[in-house]
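Quick one: the structure is below, questions incoming.
The values are calculated or read from the model by the stated rules, or taken from the named source; none is laboratory data. Just so you know, these numbers come straight off a predicted model, no measurement behind them. Cβ sites come from the backbone with ideal geometry, for glycine too, and all protein chains shown count toward neighbours. Just so you know, the surface numbers come from the protein's heavy atoms only, side chains and all, with ligands and any DNA or RNA stripped out. Shrake-Rupley method; radii C 1.70, N 1.55, O 1.52, S 1.80 Å.
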Amino acid sequence: MSASKLEIVEMLRARGDAQEQLFQEARRARAAVRGDVAVLRGVVELTNLCRVNCDYCPMRKDNTATNSIYVLDEEQVMDRARAIHAAGISVVFLQAGEIPRTTRIVGAVIPRIRELFNDEVEILLNLGGKKRSEFAYLKEQGATSYILKHETADPELHLKLRHESLADRLKYMEDLLDLGYKVGTGAIVGLPGQSLEDLADDILLAKRLGVHMSSVAPFVPAPRTPLENHPSGDVDVALNMIAAMRLVEPRWLIPSVSALEKNRPGGQVLGFQAGGNVMTINFSDAEHADRYLIYGKDRFVVRSTHAMETLSRAGLTATRSPFATAAVASGRARPARAASESA
Ligand code: SF4
């Protein structure tokens, strides 16, 4: 559906009956394209080291000296990939702070992961901005998709909070799309000075870019960051954004993210009721999950039991095949085995 900025803002304002109607329309759009299914991803967090200094993130460069830094080696990544494989999940999601070293580590493990899964795997990366030649190398090694969230489409706010330009971020995305990656972007709800119009721009930017996945997370104030005293993002606005994204681009993969659960218990069920169709399960081991401070020490870490309960409460079944929409629509998608990672 093509929606104007004004129409999207109206969707973001919806509450009560209007909000429920919005969610119903979003669920209908999801069912029409992909069926009542959610894609499962298994994430491994490679390092909490980052060269960027985002004002909302405890892993920012200024905290490097005080954070308990780790970088997984190839064998540690493979150990976690084996746990994802054992759980019957076929999207291996490798996520990390933005440091050049991840290119080498990830480039080396991708072929090994592909071999482990007998090539029936989606390798999804979220490693931050890199040179085009590095993106190309990772693609040649077997990566298939890449998430690089634009965070906010407001260039001034982006520069103020990330200390890097939105234009540079968009250039990375263009490189990824040009190289043939399936690309995901995403935005944060509740940044200082952000308006509903800005959030509508976030959706319209994602549509204009031609990405395949889009996400939204309510802002989570984290200790030891410049925004630690800023209020949490509005969960209702984030849910309405999920629904609006579903209606604007029904084919998008849209996760129901852990920040929803963090800001409101049961928030991930609501994310699916609003039209989400992706659940990410954390396969980092307990020690490293504790040190990956993306939302602070008490972030909500999604494990398989919570994921399966959430999908069940939302009335969705899990699928292994992230981009096989035809198979899903015709009921041929294979359900994932109950995830049983030890972490
Ligand atoms: Fe680094 Fe990402 Fe945190 Fe920004 S949000 S400081 S890029 S890990």
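Just check the chain against the gyration tensor rule for me: Cα atoms, a ≥ b ≥ c as the square roots of the eigenvalues, rounded for a/c under 1.5, and otherwise prolate or oblate depending on whether a/b exceeds b/c.
Rounded shape, in that the Cα axes give a/c under 1.5.
Let me ask you something else. Specify whether the C-alpha gyration tensor of region 1-160 places it in the rounded, prolate or oblate class, a ≥ b ≥ c being the square roots of the eigenvalues: rounded for a/c under 1.5, otherwise prolate if a/b is larger than b/c and oblate if not.
Here region 1-160 falls in the oblate category.
Now, a different point. Express the relative contact order of region 128-259 as a whole percentage, based on alpha carbon pairs under 8 Å and six or more residues apart in sequence.
Working: 185 pairs, mean separation 29.9, N = 132.
Dividing the mean separation by the residue count of region 128-259 yields 23 percent.
Ok, one more. What is the projected area of the convex hull of the Cα atoms of region 79-133, averaged over all directions, in nm²? Please report the intermediate quantities before stating the final value.
Working: hull surface 15.5 nm².
Its Cα hull, projected and averaged over all orientations, spans 3.9 nm².
Show me 244-254, 82-92 ranked by packing, highest mean number of other Cβ atoms within 10 Å first. All intermediate terms of the calculation are to be shown ahead of the outcome.
Values: 244-254: 23.4, 82-92: 21.4.
Top of the packing list down: 244-254, 82-92.
Starting at the first residue of region 79-86, write each ³J(HN,Hα) from the Karplus equation 6.51 cos²θ - 1.76 cosθ + 1.60 with θ = phi - 60°, in whole Hz, x for Gly and Pro.
Per residue, the Karplus-derived 3J(HN,Hα) values read 4, 6, 4, 5, 5, 5, 4, 4 Hz.
Right, another one. Would you please put 183-190, 60-67 in order of how densely packed they are, using the mean number of other Cβ atoms within 10 angstrom per residue and starting with the highest?
183-190, 60-67
Right, another one. How many nm separate the modelled label positions at Lys5 and Asp62, each set 7 Å beyond the Cα in the direction of the Cβ?
It is 3.1 nm.
Just to check, using Stokes-Einstein with a Kirkwood Rh over alpha carbon pairs, what's the diffusion coefficient of region 144-290 at 25 °C and 0.890 mPa s in µm²/s?
156
I want to verify the translational diffusion coefficient of region 151-238 in µm²/s; compute it with Stokes-Einstein, Rh as the Kirkwood radius over Cα pairs, at 20 °C and 1.002 mPa s.
Working: Rh = 13.7 Å.
This corresponds to a translational diffusion coefficient of 156 µm²/s.
Let me ask you something else. On a straight-distance basis, which lysines could pair with Lys5 in a cross-link, Cα separation under 26 angstrom, same-chain partners fewer than 8 positions away excluded?
The qualifying lysines are Lys149, Lys160, Lys171, Lys182, Lys207.
In nm, to one decimal, how far is the Arg132 label point from the Arg313 one, both placed 7 Å along Cα→Cβ?
In this crude spin-label approximation the distance works out to 4.6 nm.
Related question: Pull up the DSSP beta bridges for the chain and report the antiparallel fraction as a percent, rounded to 5.
5
Could you give each residue of region 180-191 its phi-based ³J(HN,Hα) in whole Hz, using Karplus coefficients 6.51, -1.76, 1.60 with θ = phi - 60°, and x for Gly or Pro?
Each residue's phi maps through the Karplus curve to give x, 5, 6, 10, x, 10, x, 9, 10, 9, x, 6 Hz.
Would you mind checking which residues have amide H under 5 Å from Ser215's amide H? H placed 1.01 Å from N; only 5 or more apart, or other chain.
Under 5 Å from the amide H of Ser215: Thr185, Gly186, Ala187.
Using +1 on the beta carbon of Lys and Arg, -1 on that of Asp and Glu, and nothing else charged, what's the dipole of the chain about the Cα centre, debye to 20?
Roughly 560 debye for the chain.
Take the alpha carbon gyration tensor of region 133-194, find the square roots of its eigenvalues, order them as a ≥ b ≥ c, and report rounded if a/c is under 1.5; if not, report prolate when a/b exceeds b/c, else oblate.
Values: a/c = 3.29, a/b = 2.27, b/c = 1.45.
Here region 133-194 falls in the prolate category.
Also, quick follow-up: If you roll a 1.4 Å probe over the chain with all protein chains in place, what percent of the accessible area is carbon or sulfur?
On the way: 6740 of 13440 Å².
Ligands and nucleic acids excluded, carbon and sulfur give 50 percent.
Which one, Phe93, Phe23, Phe135, has the greatest fluctuation when you compute a Gaussian network model over the chain with C-alpha springs under 10 angstrom?
Phe135
Given +1 on the Cβ of Lys and Arg, -1 on the Cβ of Asp and Glu, and no further charges, what dipole in debye does region 87-220 carry about its Cα centre, rounded to the nearest 20?
Computed charge dipole of region 87-220: roughly 400 debye.
Two decimals is fine: what's Rg over Rh for region 85-171, C-alpha atoms, Kirkwood radius as Rh?
1.05
Compute all pairwise cysteine Cβ distances in the chain, then list the cysteines with no distance under 4.7 Å to another cysteine.
So, Cys50.
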